[in-house]
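Asker: This is the structure I have questions about; it appears just below.
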C-alpha cells in the first residue's frame, strides 16, 4: 500500500429532484488496496460509483479518480478503470469470447493482444472450458466471473465492483472473493460496494460505511473495531453442564473481563483480550463441567449494527 | 464507434428478423417481376412509352397488376416495417439486458452508441434495398432484354437512396421510442400504430380528403375558386404524412410521364404535352419531398439523441 490516492472525493453531492442521494461525501481510496463501500440498499452506493465514472454528473463537490476529473475527462478514466455493474449483462447470443472481444475492440486493443488477454483472463476466472459457449446459457456465477474477466481485459489500474457477490451460492462467493483479494498483487486497486458485511470484512483493507448519502465512518477494519467496540474486542461464550451462579462472580474478578451476562447454562463474557485459558481454568477450578467455549472476535456486523441503531 | 457499427452489423446479419425482412423484400421483388411479366406490355402501350422513346426499363418496377404498381407499393409498406424492426429495441434492449452500463463504462462517447446503432441500421437497410433493386433489375433485364438507359439508372439509384432515407425516418422514430420506453413491447407497438395511421388511413383510405372535406365542405355547386382552394387544402393535409411524400416522390421519379403534383385544372391540362419530364425537372418537382423526408429522419434521430444523452444510466 502506498499513500497515493486512487479515488479522492470532496463534498460530493447529488440530488434527484428534492431528494439528496449523496450528501457531502468525502472519502478516499489508496492505491493497491481493496476498499469496501458498505451500506444498506438505497444508501447511495451506486450513485456514487456512477459519479466516479462520469456516467452521472454530481450536483456539487469534486472528484479525482486516478488524478482525472470524471466530469471533464471521462474517457481517460474509462480507459484505466474497469466497472462491473450490479446487474451485469452480456449479449446473450454471443459467446463469452465474442463478448470479451467486443469490449477489447472498444478499448482499441490490437487483435493478437486481444486473443492473448482473453485466454489469460478466462483462465484466471476458470472459464476456459466455456469460452465458446453463448453467454445466454451461463449460470449466475459464471456470468459474474465473466463480468470480472470483462473488467480485467483492459488491464485496469482500478476496478469498481458493484455488489459482485449478489445472487451467488457460497462456493461462488468464496471463489469470487479469492479473485478479488488477489487483484492488488497485480497492481489493481479495488473499490467493492456491498451490503454483505462478512464478505467485505474478508477481503477489504479498509471500509467506509455509507448511510443516506453520508459517510458514517471510514477507516481500516482494525481501527473501526476499536472505535466501535470501545475496548470490548472479544466475546467469549461459556457453556456449562448446569447453572452455577458463583461462577459469574469468579469470572467477573478475572483481570480484563468487562461484563458477564448469564443465561442459564451459558455465560456471555466481554473481554479486551483472549482470556479463554484463564476463564477455562476458573471454570474447572470451581468444579463446573465445561461443555463448550467459543470466542467471537468483533465483526463488521457489530460495527454496522451499532451505527444503524444510532441512526 | 467503428467497433459498435461492426458489432451491430454482425448482430443484424445473424438475426432471424433480418432474414425475415430480407425474404419479404425479395418477395416484393418477385411480385414486381411477376406483375411486370404480365402487365408490362399493356402498361407500355397505354403510357405511349414505346412510341415516346421512353422508359421501358423503369416500367419493370412500376408495372401494375390489377391497377396496383406491385413492386414499389410493397416496398413502401415493407421499408417502414424494416426500419421499425431494426430500431425498436436499439436502446431499451441494452438497458434491460444490463449491457448498457457495461458498454458505457468503456472508453466510448455516449453518442457513439446511438450513432453507431443508427448508422449500422442505415447500412443494413441500404444493403437490403440495393440487393433487391439489383436482383429485380437483373432478372428483369433477362426477361425483357431491354437495357436501362443512363437516365433510368440514375433514377433507380435516387429511388434507392430515397427508400433508404424513408426507412431511416421510421428507424429514427422507432429508436426514439426505444429511448423513451423501458420495454420493447411499447416501443414496437407505438411506431406500428403511427405507421398504420400515417400510411393506411392517410394515404390508402384517403383521410386527407376526408379531413379537408370536413374542414371546408364543398358540393358540386361550389364555385371553381372554392374547389381549387379545397384541392390545395387536401394536398397540404395529405403532405403531412411522410408516407404520402414518399409515394409522390417515387411516382414522379419512376414514372417520368406522371402528371404532376397537386391540383391541375382542365384548362392547364390542355397545355400539357404527353412528354416525360427530364431527370432535372423530376428532381425539381420532388425536391421539397426529399428535403422533408431527410429532415424528418434527422429530427427523429435528433430527438432520440438528445434524450439519450440526458438520460440516467442506472438500470433501477
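Conditions (1) part of a helix (DSSP H, G or I); (2) over 30 Å from residue B:93 (Cβ atoms); (3) at pLDDT 85 or above; (4) within 14 Å of chain A (Cβ to nearest Cβ), marked per residue:
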| position | (1), (2), (3), (4) |
| --- | --- |
| B:245 | yes, yes, yes, no |
| B:264 | no, yes, no, no |
| B:275 | no, yes, no, no |
| B:283 | yes, yes, yes, no |
| B:287 | yes, yes, yes, no |
| B:304 | yes, no, yes, no |
| B:314 | no, no, no, yes |
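Asker: How many residues does region B:117-140 hold that are over 20 Å from the mean Cα position of the chain (by Cα) and either without any contact (Cβ under 8 Å) to a residue 60 or more places away in the chain or within 10 Å of chain A (Cβ to nearest Cβ) (or both)?
Answerer: The initial filter retains those residues of region B:117-140 that are over 20 Å from the mean Cα position of the chain (by Cα), namely B:138-140.
The next check asks that each one be either without any contact (Cβ under 8 Å) to a residue 60 or more places away in the chain or within 10 Å of chain A (Cβ to nearest Cβ) (or both); those that pass are B:138.
The total comes to 1.
Asker: Hey, among the residues in region A:110-131 that are part of a loop (DSSP other than H, G, I, E, B) and at pLDDT below 90, which one's surrounded by the most Cβ atoms within 10 Å (Cβ to Cβ)?
Answerer: Per the criteria, the residue is A:125.
Asker: Okay, moving on. Looking only at residues that are touching a residue at least 24 places away in the same chain (Cβ under 8 Å) and at the interface with chain B (Cβ under 8 Å from one of its Cβ atoms) in region A:97-109, which one is surrounded by the most Cβ atoms within 10 Å (Cβ to Cβ)?
Answerer: First, pick out the residues of region A:97-109 that are touching a residue at least 24 places away in the same chain (Cβ under 8 Å): A:97, A:99-100, A:103-104, A:107, A:109.
When the remaining residues are screened for being at the interface with chain B (Cβ under 8 Å from one of its Cβ atoms), the result is A:103, A:107.
Numbers: A:103: 23, A:107: 20.
Top of the filtered list is A:103.
Asker: Please verify whether residue A:71 is in a loop (DSSP other than H, G, I, E, B) and within 24 Å of the chain's Cα centre (by Cα), treating the condition exactly as stated. Explain how you work it out, then say what you get.
Answerer: Working: in a loop (DSSP other than H, G, I, E, B): yes; within 24 Å of the chain's Cα centre (by Cα): no.
When the stated conditions are applied, residue A:71 does not pass them.
Asker: Can you name the residue in region A:67-96 that is under 16 Å from residue A:154 (Cβ atoms) and surrounded by fewer than 20 Cβ atoms within 10 Å (Cβ to Cβ) and is also farthest from the other protein chains (Cβ to nearest Cβ) among such residues?
Answerer: Filtering first and then ranking leaves A:68.
Asker: Let me ask something additional. Please verify whether residue A:286 is modelled with pLDDT of 80 or more and either surrounded by 13 or more Cβ atoms within 10 Å (Cβ to Cβ) or closer than 30 Å to residue A:30 by Cβ (or both), treating the condition exactly as stated.
Answerer: yes
Asker: Follow-up question, since we're still on this one. Output the number of residues of region B:93-110 satisfying the condition of being more than 7 Å from every other protein chain (Cβ to nearest Cβ), closer than 23 Å to residue A:76 by Cβ and crowded, with 20+ Cβ neighbours inside 10 Å.
Answerer: 2
Asker: Confirm whether residue A:50 is within 14 Å of chain B (Cβ to nearest Cβ) and either part of a helix (DSSP H, G or I) or within 15 Å of the chain's Cα centre (by Cα) (or both).
Answerer: Against the criterion (within 14 Å of chain B (Cβ to nearest Cβ) and either part of a helix (DSSP H, G or I) or within 15 Å of the chain's Cα centre (by Cα) (or both)), residue A:50 qualifies.
Asker: Identify, by number, the condition in (1) within 13 Å of chain B (Cβ to nearest Cβ); (2) in contact (Cβ under 8 Å) with a residue 40 or more places away in the chain that residue A:12 doesn't meet.
Answerer: Evaluating residue A:12 over (1) within 13 Å of chain B (Cβ to nearest Cβ); (2) in contact (Cβ under 8 Å) with a residue 40 or more places away in the chain leaves (1) as the failure.
Asker: Is it the case that region A:110-132 has a residue that's in contact (Cβ under 8 Å) with a residue 12 or more places away in the chain, in contact with a strand residue (DSSP E or B) (Cβ under 6 Å, 6 or more places away or on another chain) and away from chain B (no Cβ under 13 Å)?
Answerer: Yes: region A:110-132 contains one or more residues that are in contact (Cβ under 8 Å) with a residue 12 or more places away in the chain, in contact with a strand residue (DSSP E or B) (Cβ under 6 Å, 6 or more places away or on another chain) and away from chain B (no Cβ under 13 Å).
Asker: Would you confirm, using the coordinates I've provided, whether residue A:55 is at the interface with chain B (Cβ under 9 Å from one of its Cβ atoms) and either touching a helix residue (DSSP H, G or I) at 6+ places or on another chain (Cβ under 8 Å) or surrounded by fewer than 20 Cβ atoms within 10 Å (Cβ to Cβ) (or both)?
Answerer: Values: at the interface with chain B (Cβ under 9 Å from one of its Cβ atoms): yes; either touching a helix residue (DSSP H, G or I) at 6+ places or on another chain (Cβ under 8 Å) or surrounded by fewer than 20 Cβ atoms within 10 Å (Cβ to Cβ) (or both): yes.
It is true that residue A:55 is at the interface with chain B (Cβ under 9 Å from one of its Cβ atoms) and either touching a helix residue (DSSP H, G or I) at 6+ places or on another chain (Cβ under 8 Å) or surrounded by fewer than 20 Cβ atoms within 10 Å (Cβ to Cβ) (or both).
The values are calculated or read from the model by the stated rules, or taken from the named source; none is laboratory data. Model, not experiment: these values are computed from the prediction. A quick note on method: Cβ atoms are made from the backbone with ideal geometry, for glycine too, and the neighbour counts reach across all protein chains shown.
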